[in-house]
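Peer 1: Pasting a structure below so you can have a look.
Read-outs throughout are calculated quantities, based only on the coordinates presented, and are distinct from any laboratory measurement. The structure displayed is predicted, hence computed values, not measured ones. Cβ placement follows ideal geometry from the backbone for every residue including glycine, while neighbour counts extend to all protein chains displayed.
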Ligand code: PEP
Ligand code: MG
């Protein structure tokens, strides 16, 4: 029950041995930013802006984007981080909107997300303008989803710079030094994390897609749900690769998939080196409770053991034992 966690709201997310963990909330609509603050999140770690398309028959205008982003800042406060993820349309998300997509045989491997934005450049520019303008009023950061190559990331950054020049020329106020990050949710991006890390200010690991693409198991298909496992050693190795690359490059790394909202995985993620987690606001108090009972040394032991295991089942058993021990 939520009220059981009320006492935790004002307490810091600090491990038993004094290491601070940043807890952020995932939102789909601007008013949900209030839930983040309410559940004790420090900010918004993932704003899934494609929900601006929900129940709409036409593309959102720049003003609609801008108003939504300003509303998030108003809800959560100008000094708290808000990571705005650019449109992740396609695949299972509103693929029928305003004739954006033709029918694809493999939509999850198709013109999804940033691939679509780079094809529909006007749609992308509209959103980038709104984000840059709103960023003048709060701690907004921009994040690109589904990046699978360095070239794609560079294309996004080039477009962002072009939009900045347009705003400069028009004398429109915006934040020029907005932090730029990329999601790591495609195995190629995880494997090349050291290369991508040189080009961005932060990473956010999208485990929902990273798991589905690593194991080639559709995240929404019950027939292959037994393969879709956050504890799979292949997934753990990729997360470790990403955290190490971020550490070497000196950039922030966060996890924003459902995995970061599951207490079972909290010790593992902390042990793998994560110090920032973004989850559904409802889950924040539970995660904070686990963090406060856990020491980093314990977490590192668990992660080390997990990484030496061969199957997801072994890792799951280890994590269940560990959670029982600390709660
Ligand atoms: C993810 O893939 O883990 C993620 C956070 O993005 P989404 O669930 O919106 O695809
Ligand atoms: Mg994703």
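Peer 1: What's the long-distance tail for region 1-77, i.e. % of Cα pairs beyond 19 Å? Please report the intermediate quantities before stating the final value.
Peer 2: Numbers: 1348 of 2926 pairs.
In whole percent, the share of Cα-Cα pairs in region 1-77 beyond 19 Å is 46.
Peer 1: How far is helix 284-293 tilted, in degrees, relative to the longest principal axis of the Cα atoms in the chain, given as a value from 0 to 90 rounded to the nearest 10?
Peer 2: Approximately 40 degrees, to the nearest ten.
Peer 1: A follow-up question, please. How large is the helix-only mean residue ellipticity at 222 nm for the chain, computed as the sum of -39500 (n - 2.57) over DSSP H runs with n ≥ 4, divided by its residue count, in deg cm²/dmol to the nearest 500?
Peer 2: On the way: 13 runs with 140 residues, N = 327.
Calculated at 222 nm, the ellipticity per residue is -13000 deg cm²/dmol.
Peer 1: Please give the per residue volume of the convex hull enclosing the alpha carbon atoms of the chain, rounded to a whole number of Å³. It would help to have the intermediate numbers written out before the result.
Peer 2: Numbers: hull volume 43.6 nm³, N = 327.
So the per-residue hull volume is 133 Å³.
Peer 1: Give the percent of DSSP beta bridges with both residues in region 1-149 that are antiparallel, rounded to the nearest 5. Please list the in-between numbers first.
Peer 2: Working: 2 of 13 bridges.
In region 1-149, approximately 15 percent of DSSP beta bridges are antiparallel ones.
Peer 1: Using the Cα atoms of region 97-255 to build a convex hull, what is its mean projected area in square nanometres? Provide the component values of the computation, followed by the final result.
Peer 2: Numbers: hull surface 41.7 nm².
About 10.4 nm², averaged over all directions.
Peer 1: Here's something else I'd like to know. Taking the Cα atoms only, what angle lies between the long axis of helix 150-170 and the longest principal axis of the chain, rounded to 10 degrees?
Peer 2: That works out to roughly 50 degrees.
Peer 1: Separate question: Picking from 205, 44, 290, which is most flexible by a Gaussian network model of the chain using Cα springs under 10 Å?
Peer 2: With Cα springs under 10 Å in the chain, the top fluctuation among 205, 44, 290 is at 290.
Peer 1: In nm, to one decimal, how far is the residue 7 label point from the residue 170 one, both placed 7 Å along Cα→Cβ?
Peer 2: My value for the distance between the label points is 5.3 nm.
Peer 1: Still on this structure, I have one more. Most mobile of 137, 65, 223 per a Gaussian network model of the chain (Cα springs, under 10 Å)?
Peer 2: 223
Peer 1: Out of the DSSP beta bridges found with both residues in the chain, what percent are antiparallel (nearest 5)? Don't jump to the answer; show the numbers that get you there.
Peer 2: Numbers: 2 of 29 bridges.
Here the antiparallel bridges make up roughly 5 percent for the chain.
Peer 1: What are the semi-axes of the equivalent ellipsoid for region 167-299, taken as the square roots of 5 times the Cα gyration tensor eigenvalues, largest first, in whole Å? Intermediate values should be presented prior to the final figure.
Peer 2: Working: eigenvalues 147, 74, 52 Å².
Gyration-tensor ellipsoid for region 167-299: 27, 19, 16 Å.
Peer 1: Continuing with this model, one more query. Just the Cα atoms of region 286-327: what Rg and Dmax do they give in Å?
Peer 2: Rg then Dmax for region 286-327, in Å: 10.6, 30.
Peer 1: Taking the alpha-carbon centroid of each part, what is the distance from region 1-40 to region 188-254 in angstrom?
Peer 2: Spelled out, the Cα-based centre of one part sits 24 Å from the other.
Peer 1: Same structure again: Separation between the residue 54 and residue 28 pseudo-spin-labels, each 7 Å from Cα along Cα→Cβ, expressed in nm?
Peer 2: 0.5 nm
Peer 1: Specify the angular offset, from 0 to 90 degrees and rounded to the nearest 10, of the alpha carbon long axis of helix 296-307 from the longest principal axis of the alpha carbons in the chain.
Peer 2: Result, in degrees: 90.
Peer 1: Rg and Dmax in Å for region 28-128, alpha carbons only: what are they?
Peer 2: When restricted to the Cα atoms of region 28-128, Rg and Dmax are 14.5, 44 Å.
Peer 1: Grab every C-alpha pair in region 248-327, bin the distances at 10 angstrom width from 0 up to the longest one, and report whole percents.
Peer 2: 19, 52, 27, 2
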